[in-house]
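Chemist: Next up is a structure, given as C-alpha cells.
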Amino acid sequence: MQKGMRTHRERCVRAVQSKDARFDGWFFTAVLTTRIYCRPSCPVVPPKPENMTFYPSAAACQQAGFRACKRCRPDTSPGSPEWNQRADAVARAMRLIADGVVDREGVPGLAARLGYSTRQIERQLRAELGAGPLALARAQRAQTARLLIETTALPMAEIAFAAGFSSIRTFNDTVREVFALSPSGLRTRAPRRPTGPGKRPGAPGTPGALSLRLPFRAPLNPDNLFGHLAATAVPGVEEWRDGAYRRTLRLPYGHGIATLTPKPDHIACRLTLGDLRDLPVAISRCRRMLDLDADPVAIDDQLRTDPFLTPLVDKAPGRRVPRTVDEGEFALRAVLGQQVSTAAARTHAGRLAAVHGEPVDDPEGGLTHLFPAPEALAALDPESLAMPRTRRTTLLTLAGQLADGTLHLGVESDWEETRARLLALPGFGPWTADVIAMRALGDPDAFLPTDLGIRRAARELGLPSTPAALTARAAAWRPWRAYAVQYLWATDSHPINFLPV
C-alpha cells in the first residue's frame, strides 16, 4: 500500500462500503483473502476492512499478485483525474503511457520525451503508483486485449499483436494472470449481442470497426461539450450526423474515424481503424477530447464557493472542457480563428483540409480528409492563403516550427513552458496561447479574461469585466478556471452551448 493510500485508508474503506462510483479509477481495492482487486463501486458484498488493502493503479495490483474481479471489471474504470489536472513528470508520463509511447518507443523513448533518465522515471512512477512504466503499459495492453476479445470475432493471434503484445505466449500468459481466464474463456463469458445471419457475436459490420462504451464520472452535461465540437467542426474532417459527433483521426500506424454518441451513463464509441494497433491510442485520444476522466463533483464544488457561479453550476452541473485529438491541429485552427467568426474559421479550415489534407474513405458518413499535417502547411506558398498577411505569417511560422520539431505540442508538454514559447511566436497573444493551453494541452486552470464572451458574461452576472479585475476575482476558482470558462460561456445563446437538433 502506497503512502498516500495509507494516509487516506479510512476514506477508502468508507468509499468501498458505500459503493461510491465517484472513486472508481482513483484507487483500487485488493482483497487479501480472495486475491482479487476491485473498483470501489463493486456490487459484491464488501470485504471486512482488515482484509482490504489499497493500490493507486491496476498495474500495482497485478504486480502484487491480485487478479481483476469478474463482476466489476476494474480495468474498465474511468482513468484517474490526477493525470489530467497535474503537470508534473508523473502525470505527464501517465498521459504518454496512455497514448502508447512505451509500446512504440520503449521506456527510453518515454524518458527522452520527458527530459529525464529512465532511472528517474522508474523511481518516480514506482514511488507514486507502485509500478514502473513497463508494468503500467502491460496493464493497458491487457485492457485492450480484453476489449478486443469481448467485442470482436478477430482471431486471438491478431488480437495479441493489435493489443501490443510481442508474442502469442506473452498474450496468453498475461490474460490468464490478470483475468484468471484464458483468452477463449474471456470470449465465452462475453455478453452475446444480436447479430446478422452468419455473424459471430461482436463481429464488426465494417472492416476495422469496433463498438465500445467509454465510461465517465457523473454528472456529465453533453450540451457544451458536443455543442462546441459540432459548432466548430471543420467540413470533411468533422461532422454531426444522426446524434453523433464524428471525426477523422491521424494515428501512429494509420488513420481512423471516431463516432461518439452521448448516452446517459456512457459515451457510445465506434472506431473504424486502418490498423488495429492504433486502438489504445484512439480510445485515449477520444477520452481526452471529451474530458471523460474529469472529477465533476470536485470541480463543481469548488466553483460553487463563488455565489455568482453557484446558479450556473446548479442549473447544468458536470460541464466538461471540449478538447482535441491532435494538439498541433488545434493550435493551427486557433490561429485560423483569430478575430473571425466561428463560421469563417470553419470555412478557412475546410478549404485547407479539402486541398491539402490526406483523403480518407468514409462509407458510413460524409468525412473526406484528415486535417492537413504541419509539414503540408509549412510548404505552402504564402500568397495562396486567402487571409490577412499577419495571420498568414503566424500560421506558417507555427506550422514550420511544428514540422521541424522546434515546437512540440503533445500530452507531455509542460503547460507554462509551452505558453511562453507560443507567446514568443509572431501574432500570438494571451488569448491564443491560453485557448491552446486549455483545449489542446489540457491545462484545467487555463483562463481567458480577454475573451469577449467571458467579459460579456461577467458583466451580466455582476462580476468584474476588465481582464485584470476578472483575473483577480477568478483566483478563487483555481485550479478549475478552464471549467469556469465553460459555465460563463454557457450564459450566451451561441450554438457552441447546445446539442445540434
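Taken together, the values in this text are just the output of simple stated rules run on the coordinates, not laboratory data. Not measured: the values here are computed from a predicted model. Cβ coordinates were reconstructed from backbone atoms using ideal geometry, including for glycine residues, and neighbour counts include every protein chain displayed.
Chemist: Given the options LEU260, PRO46, THR397, identify the residue whose Cα lies farthest towards the positive end of the charge dipole of the chain (+1 on Cβ of Lys, Arg; -1 on Cβ of Asp, Glu).
Modeler: PRO46
Chemist: At what distance in nm do the modelled label points of ALA476 and THR305 sit from each other, each positioned 7 Å from its Cα along Cα→Cβ?
Modeler: With each label point 7 Å from Cα toward Cβ, the separation is 1.0 nm.
Chemist: Remind me, relative contact order of the chain in percent, using alpha carbon pairs under 8 angstrom and six or more residues apart?
Modeler: Numbers: 861 pairs, mean separation 65.9, N = 501.
Result for the chain is 13 percent.
Chemist: So, one more: Using 20 Å as the cut-off for backbone N distance, which residues of region 156-179 belong to the label zone defined by a point 7 Å from the Cα of LYS70 along Cα→Cβ?
Modeler: Label zone hits: 172-179.
Chemist: For region 32-154, what does the convex hull of the Cα positions come to per residue, in cubic angstrom?
Modeler: It comes to 119 Å³ per residue, whole-number rounded.
Chemist: Quick one: order ILE436, ILE97 by neighbouring beta-carbon count within 10 Å, fewest to most. Mind showing how you got there, number by number?
Modeler: Numbers: ILE436 28, ILE97 25.
Arranged by neighbour count, lowest to highest, ILE436, ILE97 become ILE97, ILE436.
Chemist: Evaluate E = 1/(1 + (r/R0)^6) for ARG459 and VAL501, where r is the Cβ-Cβ distance and R0 equals 30 Å; express this FRET efficiency to the nearest 0.05. Present the calculation step by step, with values, prior to reporting the outcome.
Modeler: Working: r = 30 Å, r/R0 = 0.99.
About 0.50, to the nearest 0.05.
Chemist: Report, in degrees rounded to the nearest 10, the 0 to 90 angle that the Cα long axis of helix 118-129 makes with the longest principal axis of the chain.
Modeler: 70
Chemist: Give me, ordered by chain and number, the residues 5 or more places off PHE54 or on other chains with an amide H under 5 Å from its own placed amide H.
Modeler: Counting only residues 5 or more places away or on other chains, the set is ALA30.
Chemist: What is the order of TYR55, TYR116, TYR245, fewest Cβ neighbours within 10 Å to most?
Modeler: On the way: TYR55 23, TYR116 17, TYR245 28.
So the ranking, lowest neighbour count to highest, is TYR116, TYR55, TYR245.
Chemist: Same structure, new question: Any chance you could give the angle, 0 to 90 degrees and rounded to 10, that helix 279-289 forms with the longest Cα principal axis of the chain?
Modeler: Orientation of helix 279-289: about 50 degrees from the principal axis.
Chemist: Now for a different question. What fraction of the DSSP beta bridges in region 3-76 is antiparallel, stated in percent and rounded to the nearest 5? Don't skip to the end; give the middle numbers.
Modeler: Working: 7 of 10 bridges.
Roughly 70 percent of the DSSP beta bridges within region 3-76 come out antiparallel.
Chemist: Let me ask another. Which whole-Hz couplings ³J(HN,Hα) result when phi for each residue of region 32-44 is put into the Karplus expression 6.51 cos²θ - 1.76 cosθ + 1.60, θ = phi - 60°, listed in order with x for Gly and Pro?
Modeler: With coefficients 6.51, -1.76 and 1.60, one gets 5, 7, 9, 6, 10, 10, 9, 7, x, 8, 3, x, 6 Hz.
Chemist: With only alpha-carbon pairs counted, each pair once and no self-pairs, how large is the Kirkwood hydrodynamic radius of region 301-439 in angstroms? The partial results should precede the final answer.
Modeler: Working: mean 1/r = 0.0595 Å⁻¹.
Kirkwood hydrodynamic radius for region 301-439: 16.8 Å.
Chemist: Looking only at the chain, where both bridge partners belong to it, what percent of the DSSP beta bridges are antiparallel (to the nearest 5)? It would help to have the intermediate numbers written out before the result.
Modeler: Values: 32 of 37 bridges.
Beta bridges within the chain, antiparallel portion: roughly 85 percent.
Chemist: Computed FRET efficiency, Cβ-Cβ of SER184 and ARG389, R0 51 Å: what is it to the nearest 0.05? Each step should come with its number before you reach the end.
Modeler: Details: r = 64 Å, r/R0 = 1.25.
It comes out at approximately 0.20.
Chemist: Pulled fully out, how much extra length does the chain show between SER211 and ALA153, if you take 0.36 nm times their separation in residues and subtract their Cα-Cα distance?
Modeler: Details: separation 58, 0.36 × 58 = 20.88 nm, distance 1.23 nm.
Going from the current span to full extension adds 19.6 nm.
Chemist: Roughly what angle does helix 342-356 make with the longest principal axis of the chain, taking Cα atoms, 0 to 90 degrees, to the nearest 10?
Modeler: 70
Chemist: Can you spot the aspartates and glutamates whose alpha carbon is less than 17 Å from LYS70's alpha carbon? Ignore those fewer than 8 places along the same chain.
Modeler: Answer for LYS70, where 17 Å is the Cα cut-off: ASP24, GLU150, GLU177, listed by chain and number.
Chemist: Turning to a different aspect of this structure: Sort 122-134, 278-290 by packing, meaning the average of other beta carbons within 10 Å per residue, with the highest value first. Intermediate results must be reported in sequence, preceding the final value.
Modeler: On the way: 122-134: 19.3, 278-290: 23.4.
The most tightly packed comes first, giving 278-290, 122-134.
Chemist: While we're here: Need one word for region 400-468: rounded, prolate or oblate. Basis is the Cα gyration tensor (sqrt eigenvalues a ≥ b ≥ c); a/c below 1.5 gives rounded, then a/b vs b/c decides.
Modeler: Values: a/c = 3.28, a/b = 2.22, b/c = 1.47.
Judged from the Cα gyration tensor, region 400-468 comes out prolate (a/c at least 1.5, a/b above b/c).
Chemist: Just subtract the alpha-carbon distance of LEU452 and SER117 from 0.36 nm times their residue separation and send over the number in nm, one decimal.
Modeler: On the way: separation 335, 0.36 × 335 = 120.60 nm, distance 4.42 nm.
That works out to 116.2 nm of additional length.
Chemist: Let me ask something else about it. How do 255-264, 470-479 rank on mean C-beta neighbours within 10 Å, highest first?
Modeler: Working: 255-264: 19.0, 470-479: 15.3.
Ranking, from highest mean packing down: 255-264, 470-479.
Chemist: Rank these for me by crowding, VAL237, VAL90, going from fewest to most other beta carbons within 10 Å.
Modeler: Values: VAL237 26, VAL90 17.
Fewest-to-most Cβ neighbours within 10 Å comes out as VAL90, VAL237.
Chemist: Between region 114-147 and region 424-446, what is the separation of their alpha carbon centroids in Å?
Modeler: The distance from the Cα centre of region 114-147 to that of region 424-446 comes to 29 Å.
Chemist: Right, next: How large is the dipole of the chain about the Cα centre if only Lys and Arg carry +1 and Asp and Glu carry -1, each at its Cβ, rounded to the nearest 20 debye? Before the final figure, lay out each step's value.
Modeler: Details: 65 positive and 51 negative charges, 334 e Å.
That gives a dipole near 1600 debye.
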